[in-house]
1. Would you list 182, 41, 206 from fewest to most Cβ contacts within 10 Å?
2. Using 0.36 nm per residue of separation minus the Cα-Cα distance, give me the extension gain between residue 32 and residue 241 in nm, one decimal.
3. May I ask you to derive the FRET efficiency for residue 138 and residue 23 from their Cβ-Cβ distance with R0 = 35 Å, giving the value to the nearest 0.05?
4. Distance from the Cα centre of the range 82-101 to that of the range 214-265, in angstrom?
5. Between residue 126 and residue 111, 0.36 nm times their residue separation minus their Cα-Cα distance comes to what?
6. Considering all projection directions equally, how large on average is the shadow of the alpha-carbon convex hull of the chain, in square nanometres?
7. Would you mind ranking 216, 135, 223 by Cβ crowding within 10 Å, fewest neighbours first?
8. With an 8 Å Cα cut-off and a minimum separation of 6 or more residues, compute the relative contact order for the range 180-263 in percent.
Amino acid sequence: GAKARGGNLAEVYRRGPDDRDPERLALESALHHAIERDELFLCYQPQVDLASGRIVGAEALMRWRRPGHGVVPPDRFIPIAEQTGRIVPMGAWALETALATTRGWLAGELALAQISVNISAREFLRPDFVRQVETMLHTADVAPQRLTLELTESMLMDDAEGAVRTLAALKALGVRLALDDFGTGYSSLSYLRRFPLDVIKIDRSFVRDIAVDASTAAIVDATIRMAHSLNLDVVAEGVETEAQLAELAARGCDQAQGYLFSAPVPAEDLAALLRSDPPWAVAPARPVPER
Ligand code: C2E
Ligand code: MG
Ligand code: MG
Ligand code: MG
């Protein structure tokens, strides 16, 4: 069953590649052909500006239509692709596809200020990564300022000096840099300020509790204040309820994404959202009392 399979994968992930596990082997070899067999696709989740209620960006999220298994979510296949190194061509495919789709939207006069793409450590650590991003932007004819790369803390911490150099080269290109899943790692914003980031994304686990737990709300409040004092924009992930949105808006959060606005949807559906361009009614900001 699905549950047993999930358990196996978690186990394998801890142990590392295990060629005695037939299920894992099958997944791995099926994944190996996913690009050439045209089984990967991207969904896009709108990012809504809380001041205007308008879509200002979208995050590209990878999906795998595995024959006989339906659509496999990234949590099931990205870790395996990372271990086998397959994530490198898959990540390149995602970046290329997201940029080509963005070019199409812009050509059709659909205003999308930002496209965000998730990057894995295996890609980020390659010496030719920055050159590759530059080439892809050029080929797609998309301005670097429109691209946001989403990175995670662990990829910056393992080799901080190397990361600073790569981030500086990406900044020199003009792309925006976001720190994904903020709050789930061990580092503080004051440590992270040495990295030239533009955006932090508050992890869904904080957003989930913000309207019901005062200490979570206080943490989010402090995070937004500190991020703003460091000139970082703040995007909240996983906003599902009006109450969560109101708490975030009251604290000056810049943008939000989540099921409340839209789940990640195929490119055509995001285009339809952009075309109808409904300003979302974002609850009026109720100022949080100073403490
Ligand atoms: P992430 O980058 O933190 O993406 C946010 C995840 O939260 C997505 O899961 C999204 O579908 C989900 N989400 C969005 N709004 C809500 C909400 O309101 N409630 C809930 N419960 N969930 C929400 P998804 O698409 O399953 O992706 C999971 C993770 O897989 C991503 O987390 C990212 O780390 C990774 N991933 C996805 N696509 C790519 C890719 O192209 N390349 C790489 N390297 N990683 C990817
Ligand atoms: Mg992300
Ligand atoms: Mg995230
Ligand atoms: Mg995540």
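Since every read-out is calculated from the coordinates, none of them should be taken as a lab result. This one's a predicted model, so the numbers in the text were calculated from it and none came from an experiment. So basically every Cβ, Gly included, is an ideal-geometry build from the backbone, and we count neighbours across all protein chains shown.
1. Fewest-to-most ranking of 182, 41, 206: 41, 206, 182.
2. Value of the extension gain: 71.4 nm.
3. 0.25
4. A separation of 28 Å, based on Cα centres.
5. Working: separation 15, 0.36 × 15 = 5.40 nm, distance 3.24 nm.
Full extension from residue 126 to residue 111 adds 2.2 nm.
6. It is 16.1 nm².
7. In increasing order of surrounding Cβ atoms, one gets 135, 216, 223.
8. Values: 116 pairs, mean separation 24.2, N = 84.
29 percent.
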